[in-house]
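Undergrad: What follows is a single structure, and I will ask about it in a moment.
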Amino acid sequence: CLLSRGLGDVYKRQVQHNGKPFIVNTPETDIRVLGTSFNVSAYDNEPYTSTTLVEGSVRLSTAVMEKTLVPKEQGNVFKNKTEIQTKVVNTDLFTSWMRGKVEFEEENLEAVMRRLARIYDFEYQFENEAAKDYHFTARIDNTQPISSILKMLEMTTSVEFKLKENTIIIN
């Protein structure tokens with residue numbers, strides 16, 4: 001079981017069956033472990049709680065709905081909603097942090113910056129609102145300095161990054 005907390009703390013735990021249910025609670029959903037490997041992402045600054053199943057099974061529960069995920073399926077529960085939306089995903093994109101990588105697949109720059117800010121502990125602001133909609137696909141070694149990653153992003157679009165104290169300004 002792989003857990004990531006909303007404050008940026010990451011937990012990697014191996015859960016062994018002892019006859020008692022193992023349940024992960026987030027503000028939007030409860031995740032009941034049914035013998036499995038999975039990733040939970042529940043950050044305050046993300047629009048939804050996401051559970052990605054690698055193998056085994058988990059059961060997601062909201063106030064009005066339950067859904068059991070199958071391998072390679074992701075369940076998302078948006079803030080202040082009770083519906084569970086599911087889709088088939090490439091699980092490597094959501095578990096790459098275990099291998100010291102960060103992977104993006106056609107993600108907009110706003111989502112990329114949220115993830116990088118959690119890893120590298122910086123603030124950011126968009127001066128160019130249109131830049132939020134630039135999309136990126138990349139596999140990044142998370143030991144690279146943030147300056148190298150930003151240079152790579154600059155090379156692929158017309159976006160520019162400037163550092164002002166602990167804030168990255170996006171033009």
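Undergrad: Let me confirm something: among Glu107, Glu103, Glu55, which residue is more than 15 Å from the chain's Cα centre (by Cα) and acidic (Asp, Glu)? Let's see the steps before the verdict.
TA: Numbers: Glu107 fails: more than 15 Å from the chain's Cα centre (by Cα); Glu103 fails: more than 15 Å from the chain's Cα centre (by Cα).
Of the residues listed, the single one that is more than 15 Å from the chain's Cα centre (by Cα) and acidic (Asp, Glu) is Glu55.
Undergrad: For segment 114-145, which residues satisfy the criterion of being in contact with a helix residue (DSSP H, G or I) (Cβ under 9 Å, 6 or more places away or on another chain), open to solvent by less than 40 Å² (accessible area, probe 1.4 Å) and within 22 Å of Met98 (Cβ to Cβ)?
TA: Leu116, Phe136, Ala138, Ile140
Undergrad: On to the next question. In this structure, is Val88 open to solvent by less than 50 Å² (accessible area, probe 1.4 Å) and at negative phi? Give the steps one after another, and end with the answer.
TA: Details: open to solvent by less than 50 Å² (accessible area, probe 1.4 Å): no; at negative phi: yes.
Considered against the rule, which asks whether it is open to solvent by less than 50 Å² (accessible area, probe 1.4 Å) and at negative phi, Val88 comes out as no.
Undergrad: Continuing with this model, one more query. Please go through segment 114-128 and pick out each residue that is of a type in the set (D, E, K, R) and not in a helix (DSSP H, G or I). Give the steps one after another, and end with the answer.
TA: As a first pass, look at segment 114-128 and keep what is of a type in the set (D, E, K, R): 114-115, 118, 121, 123, 127.
Asp121, Glu123, Glu127, listed by residue number.
Undergrad: Are there any pairs with C-beta distances below 6 angstrom linking a residue in segment 95-114 that is without any contact (Cβ under 8 Å) to a residue 60 or more places away in the chain and at negative phi to a residue that is open to solvent by 20 Å² or more (accessible area, probe 1.4 Å) and of a type in the set (Phe, Trp, Tyr), with the two at least 6 apart or on different chains, and if so which?
TA: From residues that are without any contact (Cβ under 8 Å) to a residue 60 or more places away in the chain and at negative phi, the pairs are Met113/Tyr124.
Undergrad: Among the listed residues Lys81, Lys132, Lys151, which satisfies the condition of being free of Cβ contacts under 8 Å to residues at least 12 places away in the same chain, outside any strand (DSSP E or B) and among the basic types (Lys, Arg)?
TA: Of the residues listed, the single one that is free of Cβ contacts under 8 Å to residues at least 12 places away in the same chain, outside any strand (DSSP E or B) and among the basic types (Lys, Arg) is Lys151.
Undergrad: Can you tell me which of Glu160, Glu105, Glu83 is of a type in the set (D, E, K, R) and either in contact with a Pro (Cβ under 7 Å, 6 or more places away or on another chain) or surrounded by fewer than 12 Cβ atoms within 10 Å (Cβ to Cβ) (or both)? I'd like the intermediate steps shown before the answer.
TA: Numbers: Glu160 fails: either in contact with a Pro (Cβ under 7 Å, 6 or more places away or on another chain) or surrounded by fewer than 12 Cβ atoms within 10 Å (Cβ to Cβ) (or both); Glu105 fails: either in contact with a Pro (Cβ under 7 Å, 6 or more places away or on another chain) or surrounded by fewer than 12 Cβ atoms within 10 Å (Cβ to Cβ) (or both).
Checking each option against the conditions leaves just Glu83.
The values are calculated or read from the model by the stated rules, or taken from the named source; none is laboratory data. If you're wondering where the values come from, they're calculated on a predicted model, not measured in any experiment. Positions of Cβ are backbone-derived with ideal geometry, glycine not excepted, and every protein chain shown enters the neighbour counts. We work out accessible area using only protein heavy atoms, side chains counted, and drop any ligands, DNA or RNA first. Shrake-Rupley method; radii C 1.70, N 1.55, O 1.52, S 1.80 Å.
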